[in-house]
Amino acid sequence: MEDTVLVVNCGSSSIKLALFDGKHRKLASALAERLNQNGAFARIDGDQQTIPLKPDASQDEALEALVTAFRDRKVMASVPAAIGHRVVHGGETFREAVLIDEGVVSAIEDCAGLAPLHNPVNLSGIRATLTLFPDVPQAAVFDTAFHQTLPKRAFLYALPESWYRNWGVRRYGFHGTSHAFMALEAARLLGKTQATTSVISAHLGNGCSITAIRDGISVDTSMGLTPLEGLVMGTRSGDVDPGLFDFLRGKGVGAEEVHRVLNQESGLLGLSGQSNDMRSLCELADHGHEPSQTAIDVFCFRLARYIGAMMASLRHLDALVFTGGIGENSARVRQETVSHLRLMGFKLSEELNKHHGEISDGRIESADSRFPVLVIPTNEELVIAREASRLAGAADPS
Ligand code: ADP
């Protein structure tokens, strides 16, 4: 058996696969999109040819097609030694990644009420790979697990305690795999151990969240019961006044519609009226499109407020870290955000902020900044691959 690791990220309309070698170097990746809609397609990254799929292909069908394509093109010569799955919600059951067995499958099912759009599709990916590779150890790596160290004062809402006790209404936090990677990488870049490193980690992609990491563990985070709370995101509103629901009911807009708009038509898209894509908004703003500039301003200001809020959880700060598509690539967003934080002593070097990839090891603060500021590319697939190998190794007596 070759010691490759397959990473599966099965979402509601897409599947991403990545294959790593035994040293956790990425060998290949593949993507299937627009699943369960008319127009599904799949391809291996870097390969011009698309992989044939039924137009309304399901997750199971797409996964099988991607695995077959990996095999046919000799990308995956034999069965992998381990498989790692991204699972969105582990509730309070899972504090870390686990090897999948029947009990784990049913516990993930039990958490589905907390993530009805995600856990069932994550599970369909797990079931499909269990059928395709019945003898391979498979691990579930949860987006929520890293945040299970949050203290009560950070995870409880000021709601009737019985809502938490009976229904699990509390803050869970997401993007845990990415924030955990930031804790590790920041420590490495700063020449410290993870257990002594405290950072504020801002993951800014289509979904956005920020986490306070104290001595290597998560102690506060911006996403809550669902991934809707907190920062402004591509199409999600982040924080709003919950009184909005009653107010809009008075205007004839029902709760379901408000929920849909908050998730799908708000955030950068809602504010700009144009796009959920930060790069497009920056271009539009450069051409004088005011609503796009407003969207960027609201995004950065909300983020700056949250950076301030995260300070309440830390005894000291080793670095502010930016990651995710926006955090890694948008010097403009980093600059505008940090410009709100001068009172706290954060300052960027214009030069390093623009060219950090070429001239520094991710450090972008100016010489007179009170705190280091880092840009670190996230790599959730790598974390999942490492966890899967570790757990599979532990399971294998040889
Ligand atoms: P996902 O959460 O789907 O993984 P990503 O982490 O890939 O998303 O982030 C996507 C976001 O990153 C988009 O808003 C995209 O516009 C933004 N982005 C990528 N490159 C740049 C860039 N050079 N400048 C500004 N934004 C960028």
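The values are calculated or read from the model by the stated rules, or taken from the named source; none is laboratory data. All of these numbers come straight from a predicted model, not from anything done at the bench. Quick reminder, even Gly has a Cβ in these numbers, built from the backbone with ideal geometry, and neighbours come from all protein chains shown. Remember, those area values only see protein heavy atoms, side chains included, never the ligands or the DNA or RNA. Shrake-Rupley method; radii C 1.70, N 1.55, O 1.52, S 1.80 Å.
Which whole-number percent gives the relative contact order of the chain, counting Cα pairs below 8 Å spaced six or more residues apart?
Relative CO of the chain lands at 14 percent.
Please say if the stretch 108-263 is rounded, prolate or oblate, where rounded means a/c under 1.5 for a ≥ b ≥ c the square roots of the C-alpha gyration tensor eigenvalues, and otherwise the choice is prolate for a/b larger than b/c and oblate otherwise?
In terms of gyration-tensor shape, oblate.
Which value, in Å², gives the accessible area per residue of the stretch 266-398 when a 1.4 Å probe is used on the protein heavy atoms?
49
Give me D for the stretch 311-398 in µm² s⁻¹, whole number, from Stokes-Einstein with Rh from the Kirkwood sum over alpha-carbon pairs, 25 °C and 0.890 mPa s.
The Stokes-Einstein estimate is 165 µm²/s.
Rounded to whole Hz and in sequence order, give me ³J(HN,Hα) for the stretch 330-337 from the Karplus expression 6.51 cos²θ - 1.76 cosθ + 1.60, θ = phi - 60°, writing x for Gly and Pro.
With coefficients 6.51, -1.76 and 1.60, one gets 9, 4, 5, 5, 4, 5, 5, 5 Hz.
Let me cross-check Ser78: its accessible surface, 1.4 Å probe, with only protein heavy atoms counted, in Å² to the nearest 10?
Accessible area, nearest 10 Å²: 40 Å².
Please sort by residue number the trypsin sites (Lys or Arg not before Pro) in the stretch 214-303 whose DSSP state is loop and whose Cβ has at most 11 other Cβ atoms within 10 Å.
Passing sites in the stretch 214-303 are Lys251.
Residues of the stretch 290-318 with the amide nitrogen closer than 12 Å to a label point 7 Å from the Cα of Gln274, along Cα-to-Cβ, please.
It comes to 290-296, nothing else.
How would Thr337, Thr149 rank on accessible area, largest to smallest, probe 1.4 Å?
Largest accessible area first, the residues go Thr149, Thr337.
What does the C-alpha gyration tensor say about the overall shape of the stretch 178-336? Classify as rounded when a/c is under 1.5, otherwise prolate if a/b is larger than b/c, or oblate.
Oblate.
With a 1.4 Å probe and every protein chain kept in, tell me what percent of the accessible surface of the chain is carbon plus sulfur.
The nonpolar share, carbon plus sulfur, comes to 51 percent.
What length, rounded to one decimal in nm, is gained on full extension from Gln49 through to Glu350, with 0.36 nm per residue of separation minus their alpha-carbon distance?
The span from Gln49 to Glu350 would gain 104.2 nm if fully extended.
Once you keep just the Cα pairs under 8 angstrom separated by 6 or more residues, what percentage relative contact order results for the stretch 1-153?
24
Quick one: if you stick a label point 7 Å off each Cα along the C-beta vector at Met311 and Phe245, how many nm between them?
Computed distance between label sites Met311 and Phe245 equals 3.4 nm.
If amide H atoms are built 1.01 Å from N in the plane of the peptide, which residues on other chains or at least 5 residues away come under 5 Å of the amide H of Ala28?
Leu19
For the chain, rounded, prolate or oblate, judged on the Cα gyration tensor with a ≥ b ≥ c (square roots of eigenvalues), a/c < 1.5 rounded, else prolate if a/b > b/c?
It comes out rounded by the Cα gyration axes.
If you place +1 on the Cβ of every Lys and Arg, -1 on the Cβ of every Asp and Glu, and leave all else neutral, what size is the dipole of the stretch 159-219 about its Cα centre, to the nearest 20 Debye?
60
Computed FRET efficiency, Cβ-Cβ of Thr68 and Asp215, R0 45 Å: what is it to the nearest 0.05?
Computed FRET efficiency for Thr68 and Asp215 comes out at 0.45.
Roll a 1.4 Å probe over the protein chains and send me the accessible area per residue for the stretch 86-244 in Å².
Per residue, the stretch 86-244 has an accessible area of 39 Å².
Glu109: accessible area at probe 1.4 Å, nearest 10 Å²?
80
For the stretch 12-34 and the stretch 60-136, what is the separation of their Cα centres, given in Å?
13
Just reorder Val333, Val98 by solvent-accessible area, largest first, 1.4 Å probe, all chains present.
Val98, Val333
Quick one: if the Förster radius is 51 Å, what FRET efficiency do Ser366 and Asn36 give, using the C-beta to C-beta distance and rounding to 0.05?
0.55
Would you work out the charge dipole size for the chain about its Cα centre, treating the Cβ of every Lys and Arg as +1 and the Cβ of every Asp and Glu as -1, and quote it to the nearest 20 debye?
720
Of the peptides 66-72, 24-30, how do they stack up when ordered by the mean number of other Cβ atoms within 10 Å, highest first?
Peptide ranking by packing, descending: 66-72, 24-30.
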